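Have a look at the structure below before the remarks.
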Amino acid sequence: MDALWGALGAGFASNLGVLVLGAIAGMIVILWDWRVALAGVLFLQIGVGIVLVQIHQVPGVLVVGQIVAIVLATAMLALAATSTSATGSLHHAANWPLRLLALLFIVGTWWFIDPGYALPLFSLAETDLVIWCAICGLALVCFSGNPIVGGVAVLLWCTPLYAVAAVLLPGSGLAVMVGIAELLLVLACSYLALVEPAGAIDPAWRVRFPLPRAERRLAVIAQPSPAAITPAVSPNSGVPAGRDELLEKSA
Amino acid sequence: MNSATLVLPFLPFLLALYTSAAIASFLLRTWARWTALVGAVAAGLLSFGVWQLDFNDPQLLLPGGWSLDMVAPVERFGYTFQLQQANMPVLALNLLITACALLLATRSREHNAFPALAWFLLAGYSLLALTTAGTKAPAMGAPLVLCMLAAIGVFALQSDRRTDPSGPLRTLVPPLLAAPLFLVAAWYIDQIPLNPQDVVITQTAGMLLGLGLLLLLAPFPLHSATPVTAESAPPAAMLLVTLLQQLAVLHLTAQVLAAYPFVLWATDWPIWLSWLGLLTTVWGGIAALGALNAGRLWGYAALSDWGLIILVLATPGLRSWTLAVFLFSLRVISMFTAAAGLTTLEQALGSLDLRRLRGVGVRMPWNSAAFLLGVLGLVGFPLSAGFAGHWAALITLAEVDWRLAAMVLVASLGAVIGIVRVARVMFSALENRTVPRERPFGTALAITALAVTIAVAVAPQLLSALITRALAAFG
């Protein structure tokens, strides 16, 4: 077991390994595909766990427990994603160049400000990695209100949470609590994905300024009807009425 | 063995009660209304019993010579749980809020699993309040527990409804953001005794804790879960999840500020929070002006009220737990009154959109009045339950800076205009003739809620005994 951790640790706990893990976190945001995201977050958390064992001597059994939790969590999200037909809100997240630009802006700002802050007991590279994971998680939440994406964001955000609990507060049982919390949070996200209506509300319809009138509010489109597909123009908003359905059909 | 000497600890008994109530409610979910009603009575009685507990004589005699030791500590997983004078008011309030939510759930025909979820949530929040010691300070792990409870709350808020899930999803964000800050702060706090002269350690710990508390309090711009959820979730679930979570956060804030006072003096936490509290209350008031859904209007009014509580807690020179607890008590009453009206209206109309509410006041006057008076109470309108608290807060705020008080007043005015707009729609000519008339139980519930609201509005001193005792947990 120790030999296995050592061999894997030599790979991940290097500059290149940390860079690869960071790149995976970034790719999750840029590619915006739930399959890639789930595989990526699984790989990322396993990699971070191995780094913790290699550098901080976190007990291997604790990391194995965390890996089991993350496998279960990603399996739950994958099952929810394959079981639901409501993927409308999954695609409301701008396009990949915009997401790439957003990440580049964050990286540029980070480099420019250069806070030079390292978490206690962590190296600067490790700190950058876990903070980067957290930023990517936040970016996912900011770009989309989709529960599957939300679940991936939770898992990304839990990466620093787990690292901090395992390294800074050993023996407190908080690392185990992080795993349990992760499972519950992902369970909630999976549930939300399953109950999401087929035609989720497009945020563009919900702009309500200046003082709105009751007619401007559109109901949730539960089932696309032939009338909804007609690209009529709403008298109040000036936005084509069946825009989402048209986009989905053309996709 | 002499059975007369057998003393049972209360907490395992309480947890067994919660668990069996949750399991029974789930198994009997076909009769969800009855399980909700029985649950409401049980939670209400338990709340009264806990509130009446005499800590000088904590043994409760049971039939058969047995007795319950109400304050016996219980240790599990390295943590100690104990009912103390300092956490008793929180436990009693948790029970009371759950009783109110279960009572409202008797009016609902959907989501049969709500009573079971309510008991689970109550068990979680009660355990959080009752945790008194651990390998690490319990407050440091509290955001993680709040994450778990927020995840369970999502099931209650969504209630199997096929509606936009973004509101319940957003409720997960604040505790999740706060959790790592508390964990890192715990490490720094452990270092303080080792380096008592190092001011940087204290400042860093204070900054992290302050930021963590700020995120948990979810002021503007982290507020969005409240109005969105108020629009999409059943009012009973919204009432339960929001109030339990906010009470837990207030209790945690009191614990942290008492144990680590450097959060106040070593950081700019009070200034950040007072500005964000002000923004929250102003935004709640302004946004209520344009709400097109009665649930969302309720959410914005509640947000405005929450902003005032944050402001009262944070503003230097104004900080007063007495006022904060008073405002929170009035908040519970106003939110319950509004939710009582909303639950019946939603059941009758199928939706709380303004279009559906046209003329509903003609057919359902008591529930419409309960909703309107409850929402008015949340913005401190005169002759409503919230007026006394808001007035006291405004007076105290004006003594610190009259401009802040003026801004709060303008925000409340905005909300009142929004409420008047909805009231005009509700009491206009009835268009939908299929709207049913109120049934006796719904009317009785609305009248009870109205009676409580009016009683507190007329005589707010009715709450003084409650607040004096509750201050043991906060002051």
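Nothing in this text is a laboratory measurement; each read-out follows from the coordinates by a stated rule. Since this is a predicted model, take the numbers as computed values, not measurements. Methodologically, a virtual Cβ is constructed for each residue, glycine included, from the backbone with ideal geometry; neighbour enumeration extends over all protein chains shown.
P(r) tail for region A:32-102, what percent of Cα pairs lie past 18 Å? Spell out each step's value before the answer.
Numbers: 1328 of 2485 pairs.
Tail of P(r) above 18 Å: 53 percent of Cα pairs.
Quick one: go through region B:418-441 and flag any residue whose amide nitrogen is under 12 Å from the point 7 Å out along the Cα-to-Cβ line of B:Val362.
Counting backbone N atoms under 12 Å from the label point, the list is B:426-435.
How big is the C-alpha Rg of the protein assembly as shown next to the rule-of-thumb value 2.2 N^0.38 Å, as a ratio?
0.96
Test of understanding: ordering B:Asp164, B:Asp268 by Cβ neighbours within 10 Å, fewest first, what list do you get?
Details: B:Asp164 23, B:Asp268 10.
Fewest-to-most Cβ neighbours within 10 Å comes out as B:Asp268, B:Asp164.
Using DSSP to call loops (not H, G, I, E or B), can you name the trypsin sites (Lys or Arg not before Pro) in region B:406-463 whose Cβ has at most 10 other Cβ atoms within 10 angstrom? Write out the running numbers ahead of the final one.
Numbers: sites: B:Arg421, B:Arg424, B:Arg433, B:Arg437; in loops: B:Arg433, B:Arg437.
Answer by residue number: B:Arg433.
Normalise the Debye intensity by I(0) for chain B, one equal point scatterer per Cα, no solvent, then take log10 at q = 0.05 Å⁻¹ and round to two decimals.
Taken in order of the listed q values, log10 I(q)/I(0) reads -0.18.
Projected area of region B:123-264, taken from the Cα convex hull and averaged over every viewing direction, in nm²?
Averaged projected area of region B:123-264's Cα convex hull equals 8.5 nm².
Region B:263-294 to region B:183-252: how many Å between their Cα centroids?
Cα centroid of region B:263-294 versus Cα centroid of region B:183-252: 15 Å apart.
Suppose the Debye formula is applied to equal point scatterers at every Cα of region B:270-475; what is log10 I(q)/I(0) at q = 0.09, 0.11, 0.14, 0.16 Å⁻¹?
The Cα Debye sum returns log10 ratios of -0.34, -0.50, -0.77, -0.96.
Along the principal axes of its C-alpha atoms, what lengths does region A:2-195 span, in descending order and rounded to whole Å?
Principal-axis extents of the Cα atoms in region A:2-195, largest first: 44, 38, 27 Å.
Contact order normalised by length for chain B, with contacts defined as Cα pairs under 8 Å and 6 or more residues apart; what percent is it?
With pairs under 8 Å counted, the relative contact order is 14 percent.
Mind checking A:166-178 for the average number of partner chain beta-carbons within 10 Å of each residue's beta-carbon?
Shielding by partners across A:166-178 averages 5.
Between A:Trp96 and B:Thr434, how many nm apart are label points set 7 Å from Cα along the C-beta direction?
4.9 nm
Could you work out how far apart the two model spin labels at B:Trp66 and A:Ala10 are, taking each label as a point 7 Å from the Cα in the direction of the beta carbon, and quote it in nm?
Spacing of the two 7 Å Cα→Cβ label points: 6.3 nm.
What is the spin-label model distance, in nm, from A:Ala39 to B:Ile395 if the labels are put 7 Å beyond Cα along the C-beta direction?
6.8 nm
Cut-off 13 Å, label point 7 angstrom out along Cα-to-Cβ of B:Ala259: give me the residues of region B:200-240 whose amide nitrogen falls inside.
B:209
For B:Phe381, A:Phe105, what ranking results if the residue with the fewest other Cβ atoms within 10 Å of its Cβ goes first?
A:Phe105, B:Phe381
What is the fewest-to-most order of B:Arg162, B:Arg356, B:Arg107 by other Cβ atoms lying within 10 Å of their Cβ?
Values: B:Arg162 15, B:Arg356 21, B:Arg107 24.
Lowest to highest Cβ neighbour count: B:Arg162, B:Arg356, B:Arg107.
Taking every pair of alpha-carbon atoms in region B:361-475, give the share separated by more than 18 Å as a whole percent.
So the portion of pairs separated by more than 18 Å is 62 percent.
Between B:Ala133 and B:Leu6, what FRET efficiency follows from the Cβ-Cβ distance if R0 is 22 Å, with the result rounded to 0.05?
Computed FRET efficiency for B:Ala133 and B:Leu6 comes out at 0.25.
Let's test the formula: R0 of 56 Å, r as the Cβ-Cβ distance of B:Val41 and B:Val199. What FRET efficiency results, to the nearest 0.05?
Approximately 0.55, to the nearest 0.05.
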